[in-house]
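Please read the structure below before turning to the comments.
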Amino acid sequence: MNEPSQAVIYQILSRTEEQNATMDHLVFEMMQFPGAAAFTKNELLFGVYWLETYQYIFRSTEKQTTRYYRTPKGHEKLVELEVLKKKTGFIS
């Protein structure tokens with residue numbers, strides 16, 4: 001399976017711990033955040049499912065609302081990407 005770009009991975013992982021980190025938030029509302037318009041909904045959906053498949057995030061459904069949370073592996077990846085962002089000023 002191909003891997004989403006580091007920028008997509010960062011965008012998703014950085015939003016998963018927000019209180020309203022639902023599928024709609026991660027994919028549709030996220031498009032309103034600075035820089036997010038650079039991604040298509042397909043890229044973001046693929047990123048969410050890829051991160052879930054490789055256990056960087058997990059899904060929890062309660063009262064018909066699906067939320068995502070980072071796993072320890074996902075937290076490590078986010079820290080790695082934040083260090084890269086500080087060193088280079090961007091994530092590609």
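If only residues of segment 22-37 that are more than 12 Å from residue 51 (Cβ to Cβ) and surrounded by 15 or more Cβ atoms within 10 Å (Cβ to Cβ) are counted, the one that is modelled with the lowest pLDDT is 30. Looking at segment 40-57, can you tell me whether even one residue there is under 12 Å from the mean Cα position of the chain (by Cα), of a type in the set (Asp, Glu), at pLDDT below 90 and at negative phi? Within segment 40-57, one or more residues are under 12 Å from the mean Cα position of the chain (by Cα), of a type in the set (Asp, Glu), at pLDDT below 90 and at negative phi. Looking across segment 58-72, just one residue is surrounded by 13 or more Cβ atoms within 10 Å (Cβ to Cβ) and more than 13 Å from the chain's Cα centre (by Cα), and that is 66. Say we look at segment 1-21 and pick out the residues that are among the hydroxyl-bearing types (Ser, Thr, Tyr) and outside any helix (DSSP H, G or I); which of these is modelled with the lowest pLDDT? Looking at residues that are among the hydroxyl-bearing types (Ser, Thr, Tyr) and outside any helix (DSSP H, G or I), I get 16. Scanning segment 38-83 for residues that are without any contact (Cβ under 8 Å) to a residue 40 or more places away in the chain and outside any helix (DSSP H, G or I) yields a count of 12.
The values are calculated or read from the model by the stated rules, or taken from the named source; none is laboratory data. Keep in mind that this is a model prediction, so the values were computed, not measured. Reconstructed Cβ throughout: ideal geometry from the backbone, glycine too, with neighbour counts over all protein chains shown.
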